[in-house]
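Visitor: What follows is a structure written as structure tokens; I'll ask about it next.
Any read-out appearing in this document is the output of simple, stated calculations on the displayed coordinates, not a laboratory observation. In this text, all values refer to a predicted model and were calculated from it rather than measured experimentally. As a convention, Cβ positions derive from the backbone with ideal geometry for all residues, glycine included, and neighbour counts pool all protein chains shown.
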Amino acid sequence: MALQKMQLILARKQAITPSVTEYVFRRDDGQTLTFTPGQFVNLTIPTDNKPARRSYSIATVPSDDLDNTAITEIAIAVSPVEGGIATRHFDAMQEGDLIDAMGPAGRLVFREDDKPKRFILIATGTGVSPYRAMLPQIRKRLAEDDRLEVHALLGVQRPSELLYGDDFVKFMSENERFHFHACYSREMPNTLQAYAHSGRVQVCLPELDLTSDNDLVYLCGNPQMIDESFAYLQKIGFTPQQVRREKYFSGK
Ligand SMILES: Cc1cc2nc3c(=O)[nH]c(=O)nc-3n(C[C@H](O)[C@H](O)[C@H](O)COP(=O)(O)OP(=O)(O)OC[C@H]3O[C@@H](n4cnc5c(N)ncnc54)[C@H](O)[C@@H]3O)c2cc1C
């Protein structure tokens, strides 16, 4: 899919956890955006010097009509970085403001010929956005293949930071071979959550009995989590091709 240049207009913004804000844009030209769930957009952040470019995964859940992944609203979930150029710009953005964008881009997507017994989708924080966008595809894959299981693991510090958690919990209640795991590194919930685990997301991996024969693993978010998880997976026999990675490093 060719990269498109476009201007986006901020339709609304809302805090979705105490630290993460969701920004919802529309294209200024009124067109839809066709994307493959899992992809991101590049946004151009004006600065006093050279504009900075930053990437953000598309969190919008497209319609269940999979022949049509054209979306009218482009949602991104932004986690603030202290002193960050984009962070400062987003904070100041108001509804109706414009921003230059390019996309969609990225290869953290499902491929037609992938037929693992299990998809293991692992994220920290806003790294869960691509998996949220994949939910309709996951529903279709589960319906088409009755031996397929899908596990989504989201690592955050505490329950209040479980962004989009409700979407995954609801999806799990509707799709019996979909399993959601919330991994809390600092604070466990006060009330019982059957899907809660204590510890960083990479600490939860051994509980899944992963094998390179059965599983295809996706990793998205914090670079340290990705490096540690990847090292573990290689140690137990996974090849780089069996692990799809997207690190949320910061552009310059
Ligand atoms: C493919 C891709 C997809 C991404 N998707 C998302 C997304 O959906 N949501 C999202 O919030 N971010 C995402 N990111 C990260 C995002 O692009 C920016 O890097 C991030 O928002 C910080 O930008 P900034 O301009 O505010 O900070 P910068 O001005 O780039 O950084 C300020 C300072 O903080 C340091 N820093 C930057 N990031 C971090 C960090 N995470 N932890 C600690 N220190 C840091 C920098 O080294 C620098 O010293 C993605 C990155 C990539 C490559």
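Visitor: At a 10 Å Cβ-Cβ cut-off, how would you order Tyr56, Tyr248, fewest neighbours first?
Guide: Tyr248, Tyr56
Visitor: Still on this model: Going by alpha carbons, how many degrees (0 to 90, nearest 10) lie between the helix axis of 223-235 and the longest principal axis of the chain?
Guide: 30
Visitor: Dipole of the chain, Cα-centred, from +1 at each Lys and Arg C-beta and -1 at each Asp and Glu C-beta, to the nearest 20 debye?
Guide: Dipole magnitude for the chain comes out near 600 debye.
Visitor: Leaving out same-chain residues fewer than 8 places away, which lysines sit with a Cα under 22 Å from that of Lys50?
Guide: Leaving aside lysines fewer than 8 places away in the same chain, those within reach of Lys50 are Lys5, Lys252.
Visitor: Expressed as a rounded percentage, what relative contact order does the stretch 129-252 have, with Cα pairs under 8 Å and six or more residues apart?
Guide: Answer for the stretch 129-252 is 19 percent.
Visitor: Out of every Cα pair in the stretch 118-247, what percent are spaced more than 23 Å from each other? Don't skip to the end; give the middle numbers.
Guide: Details: 2277 of 8385 pairs.
Counting pairs separated by more than 23 Å, the tail of P(r) holds 27 percent.
Visitor: A follow-up question, please. Give the distance, in whole Å, between the Cα centre of the stretch 143-166 and the Cα centre of the stretch 233-252.
Guide: About 19 Å separates the Cα centre of the stretch 143-166 from the one of the stretch 233-252.
Visitor: Can you sort Leu108, Leu192 by how many other beta carbons sit within 10 Å, fewest first?
Guide: Going from least to most buried by this count: Leu192, Leu108.
Visitor: What's the local net charge at Arg107, with K and R +1, D and E -1, over the other residues with C-beta under 11 Å away?
Guide: So the surrounding residues net to +2.
Visitor: Give the lysines reachable from Lys140 as a straight Cα distance under 21 Å; neighbours fewer than 8 places away on the same chain don't count.
Guide: Partners within reach: Lys115, Lys117, Lys170.
Visitor: In which sequence would Glu174, Glu73 go, from the one with the fewest C-beta neighbours within 10 Å to the one with the most?
Guide: Glu174, Glu73
Visitor: Within the stretch 62-151, which chymotrypsin sites (Phe, Trp or Tyr not before Pro) sit in a loop by DSSP and count at most 11 neighbouring Cβ atoms inside 10 Å?
Guide: Working: sites: Phe90, Phe110, Phe119, Tyr131; in loops: Phe110.
Qualifying residues, ordered by number: none.
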